[in-house]
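Enquirer: Structure provided below as structure tokens; questions to follow.
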Amino acid sequence: MACLQHPDRDQPVYLMAHHTIGRRQGVADTRITLPEISGIHAAIQWTGSHWVVRDLSRNGTWVNDQQLVPAKNHQLQLGDKLAFGRASNPAWKVENLDPPENLLIDIQSGEAQVLESYHLLPDEHDPIASLHFNPINGVWIYELLESPEHSEYAKVVNHGSRVDCAHNSWELFLANSQSTTTELSFKSLCVSDFRLQFIVSHHEEHIQLQLSKDDTRVDLAARTHNYLLLYLARARIRDIQRNVDGPDQGWVAIDLATRELGITVNHLNTQIFRARKQIADSLPDAIDTGRLVERRAYEMRLGCFLLDIFKGSQKEEVEASTGEHPITPEPA
């Protein structure tokens with residue numbers, strides 16, 4: 001988490017991949033209001049291997065009391081002291097030169113945590129919301145599965161947005177350009193483009209999951225939340241066999257699912273988040289995993305429709321009726 005130490009404050013100033021310092025409000029990433037500071041006074045940039053600083057001002061930028069040559073890159077070193085406008089102005093110390101990271105910064109404490117591509121809030125142990133990057137349209141989504149209106153709640157959040165969840169509040173810090181830089185072969189792919197194969201033990205105590213598309217195959221370890229995905233997969237397969245139209249396939253009432261699975265709504269939501277995270281962590285960042293489980297008012301379904309279920313070596317033939325009595329999995 002590359003950062004400078006502010007000369008007058010305890011909290012560090014985290015660096016974006018291209019970070020500007022200057023007096024112009026709403027333009028400079030870090031604002032200094034002294035009169036000798038130019039609108040855009042200096043830029044600090046990650047080159048892919050190291051950080052450089054470049055003076056863009058009329059009155060100069062200093063590193064360790066040495067004035068920089070204007071518009072020329074100077075490589076930063078840990079512990080360097082930067083002064084802007086005058087050599088005698090308060091110095092900003094280089095505290096960290098790690099590569100740029102997307103962060104969640106706690107508004108109360110100033111502590112920062114690295115933002116994962118699928119991030120559970122307030123934490124992984126008791127998640128009630130998620131932040132995840134949607135590579136299809138290049139935006140970050142904040143999603144609260146159980147909103148006060150008992151419907152799915154999702155909104156786009158941007159750099160600098162405040163994110164409130166339970167009793168916690170963070171500032172979203174996006175260090176990099178949000179256009180995806182991952183392999184072009186995965187551009188615009190969604191998890192629903194993959195085939196999901198469930199490998200189920202005889203008594204359904206263990207359920208493994210495999211995702212495949214073309215030459216890509218991902219094997220996921222057995223997890224409690226795989227049982228929920230299996231339950232939804234069976235519902236969708238039944239509708240596919242009955243030739244139900246695609247938009248209407250696989251929808252299950254949430255109250256029915258919680259009764260048949262023997263879990264609470266909160267536990268169901270937790271399992272959805274954990275399933276999405278496990279798959280998001282296993283696939284390239286450029287693949288949208290947000291549609292793994294789709295929701296609408298009081299209903300949900302598996303977003304994938306290429307599905308196989310195997311018990312041992314035998315492919316399961318899902319009955320058209322709903323007479324199954326699933327075992328209740330142990331809480332995760």
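Enquirer: Can you give me the long-range amide H partners of Ala129? Hydrogens built in the peptide plane at 1.01 Å from N, cutoff under 5 Å, separation of 5 or more residues or another chain.
Expert: The answer is Leu121.
Enquirer: Rounded to the nearest percent, how much of the accessible area of the range 166-296 (1.4 Å probe, protein heavy atoms only) is carbon and sulfur? Before the final figure, lay out each step's value.
Expert: Details: 2730 of 6050 Å².
After summing per-atom areas, the C and S share lands at 45 percent.
Enquirer: Send over a whole-number figure in Å² for the accessible area per residue of the range 63-108, probe 1.4 Å.
Expert: Working: 2710 Å² over 46 residues.
I get 59 Å² per residue for this part.
Enquirer: Using +1 on the beta carbon of Lys and Arg, -1 on that of Asp and Glu, and nothing else charged, what's the dipole of the range 1-61 about the Cα centre, debye to 20?
Expert: Numbers: 6 positive and 5 negative charges, 37 e Å.
So the dipole magnitude of the range 1-61 works out to roughly 180 debye.
Enquirer: Per-residue ellipticity at 222 nm for the chain, helices alone: DSSP H runs ≥ 4 residues times -39500 (n - 2.57), over residue total, nearest 500 deg cm²/dmol? Intermediate values should be presented prior to the final figure.
Expert: On the way: 3 runs with 43 residues, N = 332.
Helices in the chain give a 222 nm mean residue ellipticity of -4000 deg cm²/dmol.
Enquirer: Still on this structure, please answer the following. Please give me the summed charge of the neighbours of Glu316: other residues whose Cβ is under 9 Å from its Cβ, Lys and Arg +1, Asp and Glu -1.
Expert: Working: positive: Arg234, Lys311, Lys315; negative: Asp308, Glu317.
Here the charged neighbours net out to +1.
Enquirer: Here are labelled values, [x] 15; [y] 10; [z] 30, and one is the computed percent of Cα pairs over 39 Å apart for what I pasted. Which one?
Expert: Identified label for the calculated read-out: [z].
Enquirer: Over the chain, with a Gaussian network built from C-alpha contacts below 10 Å, which listed residue (Ile279, Ile21, Ile287) shows the highest mean-square fluctuation?
Expert: Taking springs between Cα atoms under 10 Å, the residue moving most is Ile21.
Enquirer: Another question about this same structure. Quick check for you: with a 1.4 Å probe and neighbouring chains kept, what is the accessible area per residue of the range 189-300, in Å²?
Expert: 43
Enquirer: What size of dipole, in debye to the nearest 20, comes out for the range 1-139 about its Cα centre when the only charges are +1 on Lys and Arg C-beta atoms and -1 on Asp and Glu C-beta atoms? Write down the numbers at each step before the final one.
Expert: Values: 10 positive and 16 negative charges, 208 e Å.
It works out to roughly 1000 debye.
Enquirer: In the range 1-46, what percent of the accessible surface is made up of carbon and sulfur (1.4 Å probe, ligands and nucleic acids excluded)? Numbers along the way, then the final one.
Expert: Numbers: 980 of 2230 Å².
Roughly 44 percent of what the probe reaches on the range 1-46 is carbon or sulfur.
The values are calculated or read from the model by the stated rules, or taken from the named source; none is laboratory data. Quick caveat: nothing in here was measured; it's all calculated off a predicted structure. Please note: Cβ atoms are built from the backbone with ideal geometry, for glycine as well, and neighbour counts cover all protein chains shown. To get the accessible areas, we keep the full protein, side chains included, count just its heavy atoms, and leave off ligands, DNA and RNA. Shrake-Rupley method; radii C 1.70, N 1.55, O 1.52, S 1.80 Å.
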